[in-house]
Amino acid sequence: MFLSKDRFIDLFDEFYKSLTPFIFLVDFDVQNLFIAPLSDLENNDGILFDFKGYTNTNKSVDGDMISLKRYPVPLDLYRKSFDLVQKDLHYGDSYLLNLTFPTKIETDASLLDIFQGSKALYKMKFYDEFVFFSPEQFVCIKDGKISTHPMKGTKVKVSESSVYELLNDDKELAEHITIVDLMRNDLSMVAKNVKVERFRYLSYIKSYGKTIIQTSSEISGELTDGSVAEKLLSLLPAGSISGAPKRKTVEIIKRAEIDNRGFYTGIAGVFDGVKIDSCVVIRYIEKKGDSLFYRSGGGITVYSKLEDEYREMIEKIYVPCV
């Protein structure tokens with residue numbers, strides 16, 4: 001099912017040049033890569049996707065919320081990883097690191113129920129292995145232009161002042177600037193005339209009667225010549241879910257987190273014959289044996305507070321259904 005990196009690149013570029021619509025998945029470590037023409041998915045209930053309304057299924061469910069019972073890792077376990085990250089941050093080995101954990105959950109909903117009932121810009125069910133419902137675009141490639149919309153900065157809306165508090169939070173601003181700078185530099189490896197089109201615009205997600213406020217920016221450039229697949233893979237992992245500087249920060253992530261991320265915080269995308277649209281695989285539920293685990297986390301800086309980051313990790317465990 002999964003391909004070598006070289007075979008993935010060959011098929012990706014072949015499909016792209018022949019204008020053959022296809023879907024693809026790449027895990028966080030760029031070790032498991034999947035690609036398939038959309039014609040193979042027409043009668044395939046194992047893989048279902050909906051990327052901004054471009055989908056291989058017409059089934060959806062409205063109304064009912066999907067209830068999750070959460071069993072987060074103990075604070076003391078989170079603290080060990082948090083303290084390790086803080087040590088490296090204070091050494092200057094990283095400026096921002098996205099620390100994540102798996103949380104065991106219980107729900108009466110199946111992965112199919114969650115796929116059909118969730119509301120997101122990008123969502124996918126991959127057999128009986130995982131489902132995700134992501135609000136975050138990775139890159140879009142169309143007419144020789146590449147663009148990205150990194151998302152960094154989250155707050156639950158509790159009053160009319162919540163937007164002001166988010167936009168004026170020094171930690172959140174520092175995180176956002178760091179990721180925008182990282183992604184601008186990343187795009188400069190594969191594109192020219194890279195610029196920030198929009199800086200720190202707001203979006204809103206509703207679930208469980210709460211409104212989640214998030215900030216994003218838009219960066220674009222003109223794609224240079226060469227293999228599109230190689231350029232795409234060279235941008236991985238996505239800066240918004242790793243940190244900066246990227247290579248060293250990923251090394252710290254490997255030491256700090258309690259298990260491998262797998263496809264969580266990898267990327268998924270679709271080519272519709274005209275453009276490539278891809279997302280960061282977040283808001284992710286995976287099945288392991290008879291248990292379900294929801295992956296979540298947040299950006300850590302030297303200014304982070306243990307309890308705040310632990311609470312944010314738990315607050316992000318939800319399925320947006322309304």
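The values are calculated or read from the model by the stated rules, or taken from the named source; none is laboratory data. Everything numeric in this text was worked out from a predicted model, so none of it was measured. Cβ sites come from the backbone with ideal geometry, for glycine too, and all protein chains shown count toward neighbours. Each accessible area value is taken on the protein alone, full model and side chains, heavy atoms only, with ligands, DNA and RNA left out. Shrake-Rupley method; radii C 1.70, N 1.55, O 1.52, S 1.80 Å.
A few remarks follow.
- Relative to the current alpha-carbon distance between Lys5 and Lys287, full extension at 0.36 nm per residue lengthens the span by 99.0 nm.
- log10 of Debye I(q)/I(0), alpha-carbon scatterers only, for the range 121-208 at 0.16, 0.19 Å⁻¹: -0.83, -1.03
- For Arg255, Arg198, Arg79, Arg295, the ranking by accessible surface with the largest value first comes to Arg255, Arg198, Arg79, Arg295, using a 1.4 Å probe.
- Rolling a 1.4 Å probe across all protein chains gives Lys275 an accessible area of roughly 70 Å².
- Applying D = kT/(6 pi eta Rh) to the range 1-135, where Rh is the Kirkwood radius over alpha-carbon pairs, T corresponds to 10 °C and eta to 1.306 mPa s, the Stokes-Einstein value obtained is 88 µm²/s.
- In Å, descending, principal axis extents of the Cα set of the range 264-322: 47, 35, 26
- Compactness ratio for the range 215-322: Cα radius of gyration over 2.2 N^0.38 Å (N = residue count) comes to 1.25.
- Most mobile of Gly144, Gly262, Gly117 in a GNM of the chain (Cα contacts under 10 Å): Gly144
- Inter-centroid distance (Cα atoms) of the range 141-217 relative to the range 1-40, Å: 28
- Here the gap between Arg198 and Lys104, fully extended at 0.36 nm per residue and compared with their Cα-Cα distance, gives a gain of 30.1 nm.
- Calculated FRET value between Arg311 and Ser18, using beta carbons and R₀ = 35 Å, to 0.05: 0.10
- When exposed loop sites are taken as GluC sites (Glu not before Pro) in a DSSP loop with at most 12 other Cβ atoms within 10 Å, the longest stretch of the chain clear of them is 161-322.
- Residues Cys140, Cys279 ordered from highest to lowest accessible area at a 1.4 Å probe: Cys140, Cys279.
- Taking Asp88, Asp45, Asp290 in turn, the Gaussian network model of the chain (Cα-Cα springs below 10 Å) assigns the largest fluctuation to Asp290.
- Computed extension gain for Val250 through Ser188, at 0.36 nm per residue and net of the alpha carbon distance, reaches 20.3 nm.
- The range 42-115 - Rg and Dmax from Cα coordinates, angstrom: 19.2, 53
- Whole-Å semi-axes of the range 160-223's equivalent ellipsoid (Cα gyration tensor): 28, 13, 9
- Of the residues Leu3, Leu187, the one with the largest accessible area comes first in the ranking Leu3, Leu187, computed with a 1.4 Å probe on protein heavy atoms.
- Normalising the Debye intensity of the chain to I(0), with uniform scatterers on Cα atoms only, and taking log10 at q = 0.06, 0.10, 0.16 Å⁻¹ returns -0.19, -0.55, -1.52.
- The chain - mean residue ellipticity at 222 nm from DSSP helices (-39,500 (n - 2.57) per run, n ≥ 4, rounded to 500): -8500 deg cm²/dmol
- Computed accessible area, Val250, all protein chains, 1.4 angstrom probe, square angstrom: 30
- Taking each of Lys145/Lys248; Lys69/Lys155; Lys52/Lys104; Lys155/Lys248; Lys69/Lys246 in turn, the alpha-carbon distance tops 31 angstrom for Lys69/Lys246.
- The translational diffusion coefficient of the range 1-75, from Stokes-Einstein at 37 °C and 0.692 mPa s with a Kirkwood hydrodynamic radius over alpha carbon pairs, comes to 215 µm²/s.
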